[in-house]
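The values are calculated or read from the model by the stated rules, or taken from the named source; none is laboratory data. Keep in mind the model is a prediction, meaning the values are calculated, not measured. Note: ideal-geometry Cβ built from the backbone for every residue, glycine included; neighbour counts use all protein chains shown. Heavy atoms of the whole protein, side chains included, go into the accessibility calculation; ligands, DNA and RNA do not. Shrake-Rupley method; radii C 1.70, N 1.55, O 1.52, S 1.80 Å.
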Amino acid sequence: MNRGTIPLQLKQRARRAYIVQLIFAVLIVAVFVLSMNIGAMPLAPKDVIKTLFGFGTEKQELTLFIFRLPRIVISVLIGMGMAVAGCIFQGISRNPLADSGVLGINAGAGLAVTLFISFYPSIANAPVYLMPVLALFGAAGTATLIYLLSYKKNYGLLPIRMILVGIAVASGINAAMIILQLRLKPENFQLLQIWLVGSIWGSSWKHVIALLPWLLILLPYIFMKSRALNVLNLGDQTASGLGISLERSRLGLLAAAVGLTGACVAVGGGISFVGLIAPHLARRLVGPRHEYLLPASALAGGLLIIVGDTLARWVLQPSEIPTGIVVAIVGAPYFLYLLMKSRV
C-alpha cells in the first residue's frame, strides 16, 4: 500500500464523520422546530415564530416557554447523555450488547429514586437538584457490583459475564422496587410507573438546569479520553504495551458513564436502548474511532429521543405515550437482532 494512501483514507474518514455529524445536527434542529408545533394545544408555525419573538398570546407563551421548550431541550440532552454512556460501556467491555439499560445501571439509578420517593410526601415536590445525585449513587453502586462480579483475575473484564451479571442484578433490583412501590400513595405509584418505563416527566427549566451541568462537565472529559478508548479496544495486553494505565482509564470512563446515566435517568426515567441503538448507528456511519464515534453517537441519541418524544406526544393526542415505550418499540427488536448476530 502506498504511504500516501493511509493519510488520504484518514482525511476521507474524518470528512465523512463531519458530514454525518452535520446531518444529525440539522435533523435535530428540524425535529426541534417541528416538535414546537405538536402537542395537546397545536401551534401553527407562524404562531411559534410570533411567540418566540414575544408577540404571542399569554396562553401561547405558557404553552411554548413553560411546557414545550424545556421538554424538547431535555429530550435532546437525555439522548446525548445516554448514547455517550452506552458508547463507553460498549468500548470498555468490547461488547456490542452493552448498554446502561441492559446492564441494569438504569435500574440501580431507579432504585435510589424509588427509595427516596417512597419516603417523600409527594413526587411532584421532590427536590429537583437532589434527584440526579441520588440516581448517581444508585447507578454507581450497581455499576460497582456488576464490575466486581464480571471481573476475573488474569482475564480482566469478561464481556459475556458482564451482560449476564447485569441482567441478573437488574432483575433483583426490579423485585426490590416492586416491594417499595407497595407502600406508595396511589398518585405517586401511578407517576412512578410512568417514570420507570421512561417518560420526560421533568419538563421545567429547573430540570434543564439540574441536568445540564452533568453533561457540560462529563462530555468534554469523555471526548478528551477518546484515544484511550481506541487503545482499550485493542485489548488489555496491547493497551498496557502502549503505556495506557488500564484500570485508571477504565474506572475514569466508567465513572463518567455512570454519572451521565444517573443524571439522565433522574430526569427522564428508565428509557432503555438509547445507549444501544445510537452508538451502533453512529459506528456504521463513521467507523469505530472514538474521536468521531462519540460525537456522532451523542447527536444520534439526541435525535432518537427527540423523535421518540415528539411521536409520544403526537400519536394519541391529547393523551400521550411514555417516551420509553416508543423507543423500546424500536430498541427491543434491534437488541434481539444484535443478539442473534453476536457470537458470544
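Couple of notes before you dig in:
- Candidate set from the stretch 184-217 (those that are over 16 Å from GLY110 (Cβ atoms) and outside any helix (DSSP H, G or I)); member that is nearest to the chain's Cα centre (by Cα): SER203
- Selection of the stretch 281-320 for residues being within 19 Å of the chain's Cα centre (by Cα) and aromatic (Phe, Trp, Tyr) yields only TYR292.
- Scope the stretch 291-341; condition closer than 28 Å to LEU218 by Cβ, of a type in the set (Phe, Trp, Tyr) and open to solvent by 50 Å² or more (accessible area, probe 1.4 Å); matching residues: TYR334
- Helices (runs of 4 or more DSSP H) fully within the stretch 1-78 counting 3 or more residues that are touching a Leu at 6+ places or on another chain (Cβ under 9 Å) and surrounded by 11 or more Cβ atoms within 10 Å (Cβ to Cβ): 5-36, 45-52
- Flag if VAL113 is among the β-branched types (Val, Ile, Thr), open to solvent by 10 Å² or more (accessible area, probe 1.4 Å) and in a helix (DSSP H, G or I): no
- Residue pairs meeting the criteria (Cβ under 9 Å; at least 6 apart or on separate chains; first assigned to a helix (DSSP H, G or I), in the stretch 128-144; second of a type in the set (Phe, Trp, Tyr) and at pLDDT 90 or above): PRO132/TRP214; LEU136/TRP214
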